[in-house]
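Taking it in order: structure first as structure tokens, then the write-up.
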Amino acid sequence: EKGGYPDFMLKEIHEQPRVIRDTLAGRLVGGRLQIDELDLSPEELNLIDRVCVIACGTSLHAGLVAKELIEGWARIPTEVEAASEFRYRNPIVTPSTLVVAVSQSGETADTLAAIRDARVKGARVFGITNVLGSPVARESDGVIYTKANKEIAVASTKSFLGQVTSLCLLALLLAQAKGKLRMNQIRMLFGELADTAEQVEWVLGREEAVREAAEACVGATSALFVGRGMGAAIAREGALKLKEISYLHAEAYPAGEMKHGPIALIDEGFPVIAVATRGPVYDKVVSNMQESRARGARVIAIATEGDEDIRAHADHVIYIPKVRDAFSAITASVPLQLLARRIAVLRGCDVDQPRNLAKSVTVE
Ligand code: M6R
């Protein structure tokens, strides 16, 4: 059942290239992006003036990625909020707000309650879920199914990549409807998105660097994940993966916030995992790595293949292929999933069934 892998989590991590390919299959029709299931005309899509992404846990982190994409490409203001907060605070939602509910299981209690609340207020709700006919699918106006297939490990991996891929599609669709990107740009971005499947395969074939980094962290009591922009969202997901399966305390911070408090945590050997891929904020992240290292941190960098300079600022480097910043959440999340799993294995934890957690949270 585990297909020769020692645990479901590793099996599911390795399924991710397939998930990306299946999620994108059939979406570019005659040179235009098409998501028929959303059931909104281009005119209706064009009227959307605000997006609220609501979700929990890992799905919420996919939402953080979506904010970068939707604001960047479609230029629509986007908020991301935990469904458990959204549902209890009378949020401002109007008929021109698009609410995007992201849920692997499609049955998370808080996400469902938030959907109901948003619909009462007149919003259009799109669900992004992995489970056919699930409550989230049934109660949304339109749904995109992530093609992850059944996910067994409690820690979400392949469903996260399916969500991020789907949200990339949604962001491109909104940009197309709003006329914010030219069609040839959209086709080019779609092509690059499709290429991430192969790039993830590349990352999966190089676990050695992850192994070394994991060995360096295994005795720690706490770890800090940092990044900026897209990297900050990736850091949040990396920290969640680590804490949920290895029981090692992990926190994520936007790298620029280090000086405002978290840097006080750093002493000799403290692990700092930095998302330091080449992109608009690369230099800024590198200087945060230097500041951490100067205080004794053991820095692990997720960096772009070919970046030899980064070695001067990190104790361990895990390379990923060069991709546009917008797609870095797909490629950079994979080594963080592998890192969390490897640390959990070294610490003797049950990777697939972490204590105190359930695969779906149907009560609040
Ligand atoms: O099924 P959902 O996507 O709605 O679940 C949300 C969270 O419970 C889930 O992502 C949880 O955080 C995972 N254990 C993360 O790996």
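The values are calculated or read from the model by the stated rules, or taken from the named source; none is laboratory data. Model, not experiment: these values are computed from the prediction. Heads up, the Cβs are rebuilt from the backbone with ideal geometry, glycines too, and the neighbour counts pull from every protein chain shown. Accessible surface is based on the protein model in full, side chains and every heavy atom, while ligands, DNA and RNA are left aside. Shrake-Rupley method; radii C 1.70, N 1.55, O 1.52, S 1.80 Å.
Quick check for me: using +1 on Lys/Arg Cβ and -1 on Asp/Glu Cβ, what's the dipole size of the chain about its Cα centre, in debye to the nearest 20? Working shown, then result.
Numbers: 43 positive and 47 negative charges, 84 e Å.
Dipole magnitude for the chain comes out near 400 debye.
Among M188, N149, G261, whose Cα projects farthest towards the positive end of the dipole of the chain, with charges put on the beta-carbon of Lys, Arg (+1) and Asp, Glu (-1)?
Value: M188.
For helix 230-246, report the angle its Cα long axis makes with the longest principal axis of the Cα atoms of the chain; keep it between 0 and 90° and round to the nearest 10°.
Between the helix axis and the principal axis of the chain, the angle is about 70 degrees.
Using only Cα atoms, find the angle between the long axis of helix 208-217 and the longest principal axis of the chain, and express it within 0 to 90 degrees, rounded to the nearest 10.
Between the helix axis and the principal axis of the chain, the angle is about 70 degrees.
Determine, from the Cβ-Cβ distance of S41 and K121 and an R0 of 22 Å, the FRET efficiency 1/(1 + (r/R0)^6), rounded to the nearest 0.05.
Numbers: r = 22 Å, r/R0 = 0.99.
Calculated transfer efficiency: 0.50.
Roughly what would the spin-label model give for K359 and E251, points 7 Å off Cα along C-beta, in nm?
The modelled label-to-label distance comes out at 3.4 nm.
Quick check: the angle from helix 158-178's long axis to the longest principal axis of the chain, C-alpha only, nearest 10 degrees?
That works out to roughly 50 degrees.
Taking only protein heavy atoms into account and a 1.4 Å probe, give the accessible area per residue of region 219-364 in Å². Provide the component values of the computation, followed by the final result.
Working: 5890 Å² over 146 residues.
In whole numbers, region 219-364 has 40 Å² accessible per residue.
Length gain on complete extension for the stretch E71 to D283, per 0.36 nm per residue less the alpha carbon to alpha carbon distance? Walk me through the numbers before you get to the answer.
Working: separation 212, 0.36 × 212 = 76.32 nm, distance 2.29 nm.
Full-extension gain reported as 74.0 nm.
Among 148-154, 20-26, how do they line up from the highest to the lowest mean number of other beta-carbon atoms within 10 Å? Write out the running numbers ahead of the final one.
Numbers: 148-154: 19.0, 20-26: 17.4.
Packing order, densest peptide first, comes out as 148-154, 20-26.
Rounded to a whole number, what % of the accessible area of region 233-364 do carbon and sulfur atoms account for, probe 1.4 Å?
Details: 2600 of 5500 Å².
Exposed carbon and sulfur together represent 47 percent of the surface.
So which lysines can K158 reach, going by Cα to Cα under 23 Å and dropping same-chain residues fewer than 8 places off?
The reachable lysines, counting only those whose Cα sits under 23 Å from K158, are K2, K11, K67, K147, K150, K241, K243, K322, K359.
Report, largest value first, the span of the C-alpha coordinates of the chain along each principal axis, in whole Å.
Taking max minus min along each principal axis of the Cα atoms, the chain gives 56, 43, 43 Å.
With r defined as the distance between the Cβ atoms of Q34 and D195 and R0 fixed at 25 Å, what FRET efficiency is calculated, to the nearest 0.05?
On the way: r = 20 Å, r/R0 = 0.80.
After rounding to 0.05, the efficiency reads 0.80.
Sorted by average packing, counted as other Cβ atoms within 10 angstrom per residue and highest first, what order do 108-121, 321-334, 195-208 take? All intermediate terms of the calculation are to be shown ahead of the outcome.
Values: 108-121: 20.7, 321-334: 22.4, 195-208: 17.5.
Descending packing order for the listed peptides: 321-334, 108-121, 195-208.
For region 1-84, give the percent of accessible area contributed by carbon and sulfur heavy atoms, probe 1.4 Å, rounded to a whole number.
Details: 1770 of 3550 Å².
Heavy-atom surface of region 1-84 belonging to carbon and sulfur, 1.4 Å probe: 50 percent.
Please report the antiparallel percentage of DSSP beta bridges with both residues in the chain, rounded to the nearest 5. Don't skip to the end; give the middle numbers.
Numbers: 2 of 43 bridges.
In the chain, DSSP labels about 5 percent of beta bridges as antiparallel.
If you count only protein heavy atoms with a 1.4 Å probe, what accessible area per residue comes out for region 77-135, rounded to a whole Å²? Display every interim value, and only then the final one.
Values: 2250 Å² over 59 residues.
Heavy-atom SASA per residue in region 77-135 reads 38 Å².
Taking the Cα of D267, stepping 7 Å toward and past its beta carbon, and measuring to each backbone N in region 175-219: which are under 17 Å?
Those under the cut-off are 219.
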